[in-house]
Amino acid sequence: MGDELALPSPAAMAGFGEAQLVEGGIEAIVQREDTEYKSAVVVAKRFPRDEAAAYTAIIKACKRPGMAEKARYAFPRGNKTVTGPSVALAREMARAWGNVRYGLRVVSLDDEQVHIRGYAVDLETNTYVEFEDRFARLVQRKDGNRTIWVSPDERDLRELVNRRGAICVRNALLQVLPSDVTEDAEREAAETVRKAAQGELKQDRAAAIRRLALAFDAIGVNTAMLERRLAHGLDLVTVEETTELRAILTSITEGNSRRQDHFEFDAPRDSGVSEVDARLEAEAPVEPAKPKKQAKPETAGLL
Amino acid sequence: MSETLEPGLYEKVPAATYHRMPGVSQSQLKVLRELSPAHLRWQMDHPPEPSPAMVLGAAIHDAILLPDDFETVWRPLAAGDGRTKTVRGLRAAEAAAAPYAVFLTTQDYATCLAVRDAVAANKKARQLLNGEAERSAVWNDPRTGILCRGRFDLLGERTGTIVDLKTSRCAAKDKFSRDIWSYGYHMQAAFYLQGARALGLEYDRFAFVVVEKDPPYGVALYEMSHGAIKDGEREIEPLMDLYRQCIEGDVWPGYSEHVQMIDLPAWAPHQLDQKLGGSNGG
């Protein structure tokens, strides 16, 4: 499966993640979907999942550091950090659990709004769940120091829909997949990340910190912003903090949260230039007061 | 002091009177920050005696901010060995001649004068300290309604700056930055700016005149960053809520009654790794 969705897509019955040209009109697509779905149900009935094996496969996947790092997202809500299973984990679980069909449909698309629907079906139990999202057909762009909203070109639009769609699909998948299995997978992934971070820091602390800094730099979060969040230098980062930062990285790259949700960067903490100093420069100097009398102690020289 | 003190700015309030005024002060919030409500209650009921360092600090404040009061209130003790009859006699005569004076050792008195002169020799320190000195303020916190009090060392009306005078062993930027965190000066800045806002006073900046107590009596001037003031506000908010709970319920809990796990500070294991790694490697 590719990572792009064909747009514009009038009926938009394309499977999630598949780049697909619309040929033969809506009826052909609906017919093909129907046929594919029926075939999938037949195959699912013939080859039902082995839940124990699927569970083992999921947990095993979460033991891989590469997978585990992407398995959880984290974003701030109020004073707390909310964490949860990521799109990547939901997809991996669907793959391992088996007989789960999922995808994204563009319900409508006009000049102002996009309406999408993510769905997931358990082909064995015929459990169908869908999640919808409506959003403005706009993307953020930098204009000098300002951020403005502009109408996206085709590529930007595809990315926007894929990003928002991935969250709809994840939510649908997590409703279809057993919640206890998801919780176990999350826990396993968190432990894997923690162990990996511990190992990485122990093996070569400087290199591990450099990799972390580079990963954040790639999404426009510099070391100063990281240190501001940590409230100490990056060189003092702990295993727990590394784990949390990895989850934040996943969250931002997946589009669950934005950089400014986690880091301060719009308003610099301290410009380094004192406003008070500028105000003092602008006013007349104050002459030293003339001493009214000898300031030396009255008893000086008595002994 | 009446319990129904009206919010406002008061001048010529003696320090001892200010400390008996109703309302929560920034130093009381710091007790909640560092210790517990039980410690605060104890301090409220048993005001601590000022330490020698605090006495010297008060004298330096007066020398710089209230020079007239300084000459009236603070006197140098007759120099010499206080155990000898001559010196004892001299000191008794001085005390009888100025019954309201507070006596400093000649060394401390000389320190006050040296510090005062060092500040006076600094052009921008003179400008910063040109304003209304030692104003006591009482205000109601807009969020909680709690009565608050503060004593501004100096209100620089022309620059819109609340100025605080600090005496220190070292006024260097890095050291003083750490002092800001350790002693909660960022909370003081946030608290005083909140107070000024609540009273409708137009002060939007907080600055320090930091002067060293030892030769060559270095003077440094700092403006508190916006970020530090915001952090001060963040620290104050839950402490105000805690104070309100304590006042409303008249319950002043101490430390947790449960057995708590305790560990080294978060940064210590890393430092230990470095230390052991370094010694092994070396």
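The values are calculated or read from the model by the stated rules, or taken from the named source; none is laboratory data. Model, not experiment: these values are computed from the prediction. Cβ: placed from backbone, ideal geometry, glycine included. Neighbour counts: every protein chain shown.
Among the residues of region B:146-175, those identified as under 23 Å from B:K124 (Cα atoms) and away from chain A (no Cβ under 14 Å) are B:R151, B:F152, B:D153, B:L165, B:K166, B:T167, B:S168, B:R169, B:C170, B:A171, B:A172, B:K175. Evaluated against (1) surrounded by fewer than 21 Cβ atoms within 10 Å (Cβ to Cβ); (2) at pLDDT 85 or above, A:L249 falls short on exactly one condition, (1).
Do you know which residues across region B:88-127 are in a helix (DSSP H, G or I), more than 7 Å from chain A (Cβ to nearest Cβ), over 13 Å from B:V209 (Cβ atoms) and among the β-branched types (V, I, T)? Across region B:88-127, the qualifying residue is only B:T111. Note on region B:190-211: among residues that are modelled with pLDDT of 95 or more and assigned to a strand (DSSP E or B), the one that is farthest from the other protein chains (Cβ to nearest Cβ) is B:V211. For region B:51-71, what are the residues that are more than 12 Å from chain A (Cβ to nearest Cβ), under 22 Å from B:L154 (Cα atoms) and out of contact with any Phe, Trp or Tyr (no Cβ under 8 Å at 6 or more places or on another chain)? The answer is B:A53, B:M54, B:V55, B:L56, B:G57, B:A58, B:I60, B:H61, B:L65, B:L66, B:D69. Of the helices (runs of 4 or more DSSP H) that lie entirely inside region A:147-240, those containing 1 or more residues that are closer than 27 Å to B:L272 by Cα and of a type in the set (A, V, I, L, M, F, W, C) span A:179-203, A:205-217, A:223-230.
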